[in-house]
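The values are calculated or read from the model by the stated rules, or taken from the named source; none is laboratory data. In this text, all values refer to a predicted model and were calculated from it rather than measured experimentally. Please note: Cβ atoms are built from the backbone with ideal geometry, for glycine as well, and neighbour counts cover all protein chains shown. To get the accessible areas, we keep the full protein, side chains included, count just its heavy atoms, and leave off ligands, DNA and RNA. Shrake-Rupley method; radii C 1.70, N 1.55, O 1.52, S 1.80 Å.
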Amino acid sequence: MGTDTHTLKQHMWDKLEKGPFIMVGIADGGNTHSEPLTAQLDKDQVDTIWFFIGKDNRLAAGGAAMAQFVSKGQDFFASLSGNVAVDNDPAMIEKLWSKPVEAWFPGGKSDPNLALLRFDINEAELWESDMSLTGKLKMLFGGKIKPDEEGSHAVVPNTIV
């Protein structure tokens, strides 16, 4: 019995929920460093990760970006590439808002420094130490598993446009 794509994406989201810290940086080939951000997850948009940042954050300029994630149990690793852009959609701010976020933005949802950063995932490279799921994770973002890629590592292009 095969595992459907929804179940595989849920697996990654479960790992992110238990330890939501991701290193994110602009992929401009320059000397910019990644920084740790707390992922805000919307299970209705599994190919997108959201972050609350200050408007003065270096990521607010947007562009091509890279993100690295290590699960809390250090059994799941992901390197994600895509694009970041500020998307201050009031409905998304409302949906993702929480008490921990409010601690960073004392002005609440209308804090003048508040920005909601959207990270659209284009490609993912994933590693899973649980061999029962290895290889199957390639399907996370619509990729096809090749026989020579079955194992503990997979490169996953996002075929959803």
Being open to solvent by 30 Å² or more (accessible area, probe 1.4 Å), in contact with a Ser or Thr (Cβ under 8 Å, 6 or more places away or on another chain) and either in a loop (DSSP other than H, G, I, E, B) or not aromatic (Phe, Trp, Tyr) (or both) is the requirement here; does Ala64 meet it? yes
Pro36 passes all but one of (1) open to solvent by less than 60 Å² (accessible area, probe 1.4 Å); (2) touching a strand residue (DSSP E or B) at 6+ places or on another chain (Cβ under 7 Å); which number fails? (1)
Single condition Ala65 does not satisfy, out of (1) of a type outside the set (Phe, Trp, Tyr); (2) within 16 Å of Glu125 (Cα to Cα); (3) in contact with an Asp or Glu (Cβ under 8 Å, 6 or more places away or on another chain); (4) modelled with pLDDT of 90 or more: (3)
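Looking at segment 45-61 only, could you name the residues that are open to solvent by 40 Å² or more (accessible area, probe 1.4 Å) and in contact (Cβ under 8 Å) with a residue 24 or more places away in the chain? I'd like the intermediate steps shown before the answer.
Filtering segment 45-61 down to residues open to solvent by 40 Å² or more (accessible area, probe 1.4 Å) leaves 45, 55-56, 58, 61.
Residues satisfying the conditions are Lys55, Asp56, Arg58, Ala61.
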Condition first: open to solvent by 70 Å² or more (accessible area, probe 1.4 Å) and not charged (D, E, K, R). Now tell me which residues in segment 71-82 satisfy that. Gln74, Phe77
Filter segment 99-119 for residues that are touching a strand residue (DSSP E or B) at 6+ places or on another chain (Cβ under 8 Å) and either part of a loop (DSSP other than H, G, I, E, B) or open to solvent by less than 50 Å² (accessible area, probe 1.4 Å) (or both) and give the result. Val101, Phe105, Gly107, Asn113, Leu114, Ala115, Leu116, Leu117, Phe119
Please state which of the following conditions Asp14 fails to meet, knowing it meets all the rest: (1) modelled with pLDDT of 85 or more; (2) loosely packed, with under 15 Cβ neighbours inside 10 Å. (1)
If you check Asp42 against the conditions, is it part of a loop (DSSP other than H, G, I, E, B), touching a strand residue (DSSP E or B) at 6+ places or on another chain (Cβ under 7 Å) and either over 13 Å from Ile26 (Cβ atoms) or open to solvent by less than 20 Å² (accessible area, probe 1.4 Å) (or both)? yes
